[in-house]
Amino acid sequence: MKIGVLALQGAFIEHVQALRQLGAEAVELRQLPDLEQPLDGIVLPGGESTVQGKLLHELGMFAPLQKKIAQGLPVLATCAGMILLAEKLTNDSKLHLATMPITVKRNAYGRQLGSFFTEAEFGKLGKVPMTFIRTPYIDSVGDGVEVLAAVDEHIVAAQYGKQLDLAFHPELDVAKSTGIHEYFVSLCVAK
């Protein structure tokens, strides 16, 4: 199984390491030819969504990536990745891939000082560790979107088909739990 991790900017190396720890072949996606290889899934990491969106366009990766996701390629999006997938942003008019019917609030928990750690229920996985860093959250979900986790009454994880969208960073908590990455790998296997 080969999973591509967008490696243009942000916290991608931790995802690569987590996937390799689970036995998946994780490849870094840095240019269009990387995206054109056969992939069983894609990870959109945390970082700066505006920068990632700009680089996707500049490198000619935007339209092919959007098409792959829209056609059902499993995707795990964390933090900035959540913003990339959102069909609507409450506090920004700039949209990116817009493949998931959710409305997201950027930097919802404030600046870096608003970062925090907690544990909360996540779908059928039970309690999982969650690290939030300048995190968005989901204001509302559209038809067909399953809410997987909420913290302080804010939606922080949702799934739409094979799109798994998280406000937090499971790649930073792999030493405590690989459950979310395992769940994502299961979506890739079932594709």
Tell me whether region 143-160 contains one or more residues that are within 20 Å of G47 (Cα to Cα), part of a loop (DSSP other than H, G, I, E, B) and in contact (Cβ under 8 Å) with a residue 40 or more places away in the chain.
no
Please determine, by comparing only the residues of region 62-79 that are surrounded by 22 or more Cβ atoms within 10 Å (Cβ to Cβ) and of a type outside the set (V, I, T), which one is nearest to the chain's Cα centre (by Cα).
A77
If you take the residues of region 103-114 that are at pLDDT below 75, surrounded by fewer than 19 Cβ atoms within 10 Å (Cβ to Cβ) and not basic (K, R), which of them is nearest to the chain's Cα centre (by Cα)?
N107
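Could you pull out every one of the helices (runs of 4 or more DSSP H) wholly within region 1-102 that has 1 or more residues that are out of contact with any helix residue (DSSP H, G or I) (no Cβ under 9 Å at 6 or more places or on another chain) and modelled with pLDDT of 95 or more?
Numbers: elements: 13-21, 32-35, 49-58, 62-70, 80-85.
Passing ranges, in order: 13-21, 32-35, 49-58, 62-70.
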Hey, among I155, I133, I138, which residue is more than 13 Å from A86 (Cβ to Cβ) and more than 11 Å from the chain's Cα centre (by Cα)?
I133
Residue count for region 80-101, restricted to those that are under 15 Å from the mean Cα position of the chain (by Cα) and crowded, with 20+ Cβ neighbours inside 10 Å:
11
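Quick one: is K68 in contact with a Leu (Cβ under 6 Å, 6 or more places away or on another chain) and either touching a residue at least 24 places away in the same chain (Cβ under 8 Å) or of a type in the set (A, V, I, L, M, F, W, C) (or both)? Explain how you work it out, then say what you get.
Details: in contact with a Leu (Cβ under 6 Å, 6 or more places away or on another chain): no; either touching a residue at least 24 places away in the same chain (Cβ under 8 Å) or of a type in the set (A, V, I, L, M, F, W, C) (or both): yes.
No: the conditions fail for K68.
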So, in region 31-52, of the ones that are over 17 Å from P74 (Cβ atoms) and under 13 Å from the mean Cα position of the chain (by Cα), which residue ends up surrounded by the fewest Cβ atoms within 10 Å (Cβ to Cβ)?
E48
Checking F62 against (1) within 26 Å of V185 (Cβ to Cβ); (2) of a type outside the set (S, T, N, Q); (3) in contact (Cβ under 8 Å) with a residue 40 or more places away in the chain, which test does it fail?
(3)
Leading residue by the ranking (surrounded by the fewest Cβ atoms within 10 Å (Cβ to Cβ)) among those in region 122-146 that are more than 18 Å from R106 (Cα to Cα) and hydrophobic (A, V, I, L, M, F, W, C)
L125
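The values are calculated or read from the model by the stated rules, or taken from the named source; none is laboratory data. Given the structure is predicted, the values throughout are model-derived calculations rather than measurements. Positions of Cβ are backbone-derived with ideal geometry, glycine not excepted, and every protein chain shown enters the neighbour counts.
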